[in-house]
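The structure under discussion appears below in the form of structure tokens.
The values are calculated or read from the model by the stated rules, or taken from the named source; none is laboratory data. Quick caveat: nothing in here was measured; it's all calculated off a predicted structure. Neighbour counts run over all protein chains shown; Cβ positions are idealised from the backbone, glycine included. For the accessible areas, the whole protein counts, side chains as well, though only heavy atoms, and no ligand, DNA or RNA atoms are used. Shrake-Rupley method; radii C 1.70, N 1.55, O 1.52, S 1.80 Å.
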Amino acid sequence: MFDITSGPGDAGHGSFGSPDNSNGYRFGRGRLRGDDFGLTARPSLLGLARTYLETQARLWPELAGTPAVPAITDAAVEAMADDFERRFRSQAIDVFDPAGLRRVWIDIGLGYVRFSDEGSNPRSLDQQLVNVLQRARRDGVFIPWHYVCADYAVSGTLSCRRGYTVAKALVERRAETGVAWFIIDDLGRMNRNTLESLRLCELVEVTQVRLIGASDGFDSSNQQSKIMLAMMSSFNEVFIDQLKAKVHRGQSDTFKRGGIVQHPGFGYRLVDVLTEEGKPLLTRKGTIQKRVEIDPEAAEWIVRGAEMIVRDNHSPGAVAVVFNDNNVGGTRTWSSNRIRKLYARERLVGVEVFRKTKQIRDRDTGHVDVVKNDRSQWMIRECPELRILEDELAAAVKAKLNL
């Protein structure tokens, strides 16, 4: 299944999904998914491990101080975080071994938590985990740390989430893992993809694992669960579609008002907008308002690179070598392709273009392709104060590079 969202509007440059930064994107050929994709930051993971120990020690006092629920020490928390990171990165399944433990539980379960917004509080994972563990205890279900799965700052529309994939593997291998319950905070945390929700429903039905929503009351053992799952999943997916539409409208309105909707990219910088008294001007959200201006040092290199191409007949690869040798922009990752994209940008001649591209994402693999929109969909505004290249030089560069 594919999901279409708006992409960067200025040839993909800058830190918002650019081809030349280190945030794991590849412009035009899909976003790279590393082993850490969806892995929560170390401090948040340590907090999650500590929350697990504190909650389980309270809910299962008989297991407190045992290998299942170790005493709360910094060393134990660090070891649990290490264990989580290893399993997440390698997609490994560690089977919980109850040998030597007093069996005070009825069944073994797994817990899955997720949140999607990078700007949200990572502690929401802790809150979800507490809900999951408390719901499990009500039914005598013990969730070992081995069977706690999580995804951090990843959309629920993606079925390729690494934490979610491990959770499904635990269910698929029930004969080995002993997992009889799959507990989440609510269906929205599990999936915002109707087809994937139905696939999971089929999986738990085949394996006879009980799927439970701690906060929304979903229970796959209910005869009406399939209907409920289809309806709730559809509502969750529609919610995401509506949210995207709101963001789309908000960005369009901001662009029309002259606001910043995309990173300006190399050659420019963001600076604070100041009041007449010289104090930072705040937005309605209480953040400092920014404006874009030309970065003089970077602009000199852009002009120099253009002259090398036009007057000295240098190739974009040769320009990239010079840029790398001089650490232009504080990086040595310049390439022929990046140079070509640099000089394809309209902003260099004082024109800003938005909605020039869109991202087409495969929900099953997470692969993202960036394609151009029809010109009729572009949003264009004049910004002469941001001109770096004169029209004649810019046109000559584009002719040399066949842009």
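Assess whether Ala79 counts as being in a helix (DSSP H, G or I) and modelled with pLDDT of 95 or more. Don't jump to the end; show me each part of the working.
Working: in a helix (DSSP H, G or I): yes; modelled with pLDDT of 95 or more: yes.
So Ala79 fits the description; yes.
How many residues are at pLDDT below 95 and either open to solvent by 20 Å² or more (accessible area, probe 1.4 Å) or assigned to a loop (DSSP other than H, G, I, E, B) (or both) if we restrict to the stretch 104-119?
So the answer is 4.
For the structure I just gave you, tell me whether Gly330 is out of contact with any Cys (no Cβ under 9 Å at 6 or more places or on another chain), farther than 23 Å from Glu385 by Cα and not hydroxyl-bearing (Ser, Thr, Tyr).
Working: out of contact with any Cys (no Cβ under 9 Å at 6 or more places or on another chain): yes; farther than 23 Å from Glu385 by Cα: yes; not hydroxyl-bearing (Ser, Thr, Tyr): yes.
Yes; evaluated as a whole, the condition is true for this residue.
Can you pull out the helices (runs of 4 or more DSSP H) entirely within the stretch 120-180 that have at least 3 residues that are surrounded by 21 or more Cβ atoms within 10 Å (Cβ to Cβ), on the phi < 0 side of the Ramachandran plot and within 15 Å of the chain's Cα centre (by Cα)?
Details: elements: 124-138, 162-172, 174-177.
By residue number, 162-172.
Quick one: what pairs do we get from the stretch 381-392, first residue under 13 Å from Val303 (Cα atoms) and of a type in the set (A, V, I, L, M, F, W, C), second in a loop (DSSP other than H, G, I, E, B) and modelled with pLDDT under 95, C-beta under 6 Å, 6+ apart or different chains?
Cβ pairs passing all conditions: Ile388/Gly267.
Quick one: would you say Lys290 is in contact (Cβ under 8 Å) with a residue 60 or more places away in the chain, within 30 Å of Val247 (Cα to Cα), surrounded by 15 or more Cβ atoms within 10 Å (Cβ to Cβ) and of a type in the set (D, E, K, R)?
Details: in contact (Cβ under 8 Å) with a residue 60 or more places away in the chain: no; within 30 Å of Val247 (Cα to Cα): yes; surrounded by 15 or more Cβ atoms within 10 Å (Cβ to Cβ): yes; of a type in the set (D, E, K, R): yes.
Answer is no for this residue.
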